[in-house]
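**Q** Got a structure for you, written out below as structure tokens; questions coming shortly.
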There are 2 protein chains.
Amino acid sequence: MRVSREQAAENRKRVVKVAGKLFREKGFDGIGVADIMKAAGLTHGGFYGQFASKDALAAEALSAALNASAERWRARAAAHPDTPLAALVEAYLSGDHRAPHSCAIAALASDAPRQAGPVREAYDTGVQELVAILAAAMPGGEPAERQRQALVTFATMVGAVTLARATPDENFASAVLEACRVKLTR
Amino acid sequence: MRVSREQAAENRKRVVKVAGKLFREKGFDGIGVADIMKAAGLTHGGFYGQFASKDALAAEALSAALNASAERWRARAAAHPDTPLAALVEAYLSGDHRAPHSCAIAALASDAPRQAGPVREAYDTGVQELVAILAAAMPGGEPAERQRQALVTFATMVGAVTLARATPDENFASAVLEACRVKLTR
DNA sequence: ATTATCTATAGATCTATAGATAATGC
DNA sequence: ATTATCTATAGATCTATAGATAATGC
């Protein structure tokens, strides 16, 4: 039954990762502790030895998912030093982001405001981080103006993916993503 | 116990209206049938005489809420015949839309894709309707270009309200709404 | 007689906890 | 000896249904 400390730490990380995916897919209320643990290959009861509560896991999983997103954004911007903004926008507005477990900001957009403090703070921190990366990728202008541009760009990106995810109409989804892609990169 | 047919129809409408508000506020999974009926001044058991299921109520409530939104949008555009776009954008991006029961599109953005067919279809119909109103309000261009502009504008509006609702940081929320307002109306 | 609404409950599911088990790590 | 994980369950909550009640409407 018992495993090594190293293995236990790995198990814990796996729970956080699996939870991040399942929460994005099904929402905070749409998946239970038992199913998260099962998906991580553990049993329900073991959960409370590693986490204080489901809420605590939610905050940690969201935070980890958003840190991973920010890391990917930074790598992508660095890989396209001449056109970082276009690289970020195009990756985000690709059809992949319609997947049920895509970007946590879009996937949990309407769930976040209903959650307790720690989850909302993790969400907010993630938003600020991604906006900061966008602001740095803006081609020009004063810092305050770049920030404003980044806010509008991010709102458009999140809105586009949100609408594309929500509609069952594939053509409409593609049209929204494409129109926003053109607008934000031209 | 029993009430007149007229009164029963009124009661049913009240349930739909109250459900629309509560679903937007707490999400489809965040409020139960019993609490919806209680908020409408009825008892839990009476629900299934009027509705086939919670899902059926969800679809009907969403549809009604979005029809009401479209009606308000049309009235607003008609009230500002010279600047319909600015009127729509400004009303939508006012701080009021941070309220927990604001626009169903933003309030249920990440809940909708997880719901069954009828709810998703109601969401989709609402989106198409609002986009069409925006397209009609666009100052110029070919129909296809107006549609593209409307898609981008709506994505930005929804993204802005979504982010403003999610963040606990009032200043950040205001900054997002204001930046998008300026961008979309200039 | 019909029916809108009520009370009561079945059955499923969810969070959290209690106590047992067995392998690790001092 | 400690502890990561397991089994089992308490207690709460949720959807849906069954059957009773009492006022409406033919």
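**Q** If I ask for residues that are more than 10 Å from DNA strand D (Cβ to nearest atom) and crowded, with 19+ Cβ neighbours inside 10 Å, which ones from the range B:22-33 would you list?
**A** B:LEU22, B:PHE23, B:ARG24, B:GLY27
**Q** For the range B:134-152, how many residues meet the condition of being more than 9 Å from chain A (Cβ to nearest Cβ) and not small (Gly, Ala, Ser)?
**A** 7
**Q** Return yes when B:LYS17 is free of Cβ contacts under 8 Å to residues at least 12 places away in the same chain, over 26 Å from A:PHE28 (Cβ atoms), more than 10 Å from DNA strand C (Cβ to nearest atom) and in a helix (DSSP H, G or I) and no when it is not.
**A** Taking the combined requirement at face value, the residue does not satisfy it.
**Q** Output the number of the condition that A:GLY45 fails; it satisfies all remaining conditions of (1) at pLDDT 90 or above; (2) near DNA strand C (Cβ under 8 Å from one of its atoms).
**A** (1)
**Q** Next up: Given the condition basic (Lys, Arg), in contact (Cβ under 8 Å) with a residue 60 or more places away in the chain and at negative phi, answer yes or no: does some residue in the range A:129-151 qualify?
**A** Within the range A:129-151 (the criterion being basic (Lys, Arg), in contact (Cβ under 8 Å) with a residue 60 or more places away in the chain and at negative phi), the answer is no, since none of the residues qualifies.
**Q** I need a count of the residues in the range A:71-121 that are farther than 22 Å from A:GLU60 by Cβ and assigned to a helix (DSSP H, G or I).
**A** 18
**Q** Pick from A:THR185, A:THR153, A:THR167: which is buried (at least 21 other Cβ atoms within 10 Å of the Cβ) and modelled with pLDDT under 95?
**A** Matching residue, one of A:THR185, A:THR153, A:THR167: A:THR167.
**Q** Let me ask something else. Quick one: which residue in A:ALA99, A:ALA52, A:ALA58, A:ALA40 is among the aliphatic types (A, V, I, L, M), out of contact with any helix residue (DSSP H, G or I) (no Cβ under 8 Å at 6 or more places or on another chain) and within 14 Å of DNA strand C (Cβ to nearest atom)?
**A** A:ALA52
**Q** Condition first: of a type in the set (A, V, I, L, M), within 14 Å of chain B (Cβ to nearest Cβ) and without any contact (Cβ under 8 Å) to a residue 40 or more places away in the chain. Now tell me which residues in the range A:75-111 satisfy that.
**A** A:ALA99
**Q** Quick one: in the range A:34-45, of everything that is surrounded by 15 or more Cβ atoms within 10 Å (Cβ to Cβ) and within 10 Å of DNA strand D (Cβ to nearest atom), which residue is farthest from the other protein chains (Cβ to nearest Cβ)?
**A** Per the stated criteria, the residue is A:LEU42.
**Q** Which one of B:VAL131, B:VAL127 is within 23 Å of B:CYS180 (Cβ to Cβ) and at the interface with chain A (Cβ under 7 Å from one of its Cβ atoms)?
**A** Only one candidate passes the filter, namely B:VAL127.
**Q** Where the second residue is not in a helix (DSSP H, G or I) and the first is within 8 Å of another protein chain (Cβ to nearest Cβ) and lies in the range B:171-184, which pairs have Cβ atoms under 7 Å and are six or more apart or on separate chains?
**A** Pairs found: B:CYS180/B:LEU93.
**Q** All but one of (1) of a type outside the set (A, V, I, L, M); (2) in a loop (DSSP other than H, G, I, E, B); (3) in contact with a helix residue (DSSP H, G or I) (Cβ under 9 Å, 6 or more places away or on another chain) hold for A:ASN67, so report the exception by its number.
**A** The number of the failed condition is (2).
**Q** Those residues that are assigned to a helix (DSSP H, G or I), under 29 Å from B:LEU62 (Cα atoms) and polar (S, T, N, Q), I need them from the range A:139-181; list them, please.
**A** Hits for the range A:139-181 are A:THR153, A:THR156, A:THR162, A:ASN171, A:SER174.
**Q** Let me ask something else about it. How many residues, within the range A:46-85, are of a type in the set (D, E, K, R) and within 16 Å of DNA strand D (Cβ to nearest atom)?
**A** Qualifying residue count, the range A:46-85: 3.
**Q** Here is a list: A:ASP55, A:ASP124. Which entry is more than 11 Å from the chain's Cα centre (by Cα), part of a helix (DSSP H, G or I), within 14 Å of B:THR167 (Cα to Cα) and among the charged types (D, E, K, R)?
**A** A:ASP124
The values are calculated or read from the model by the stated rules, or taken from the named source; none is laboratory data. Note that the structure is predicted; figures quoted are calculated from it, not measured. Ideal geometry is used to build each Cβ from the backbone, glycine not excepted, and the neighbour counts take in all protein chains shown.
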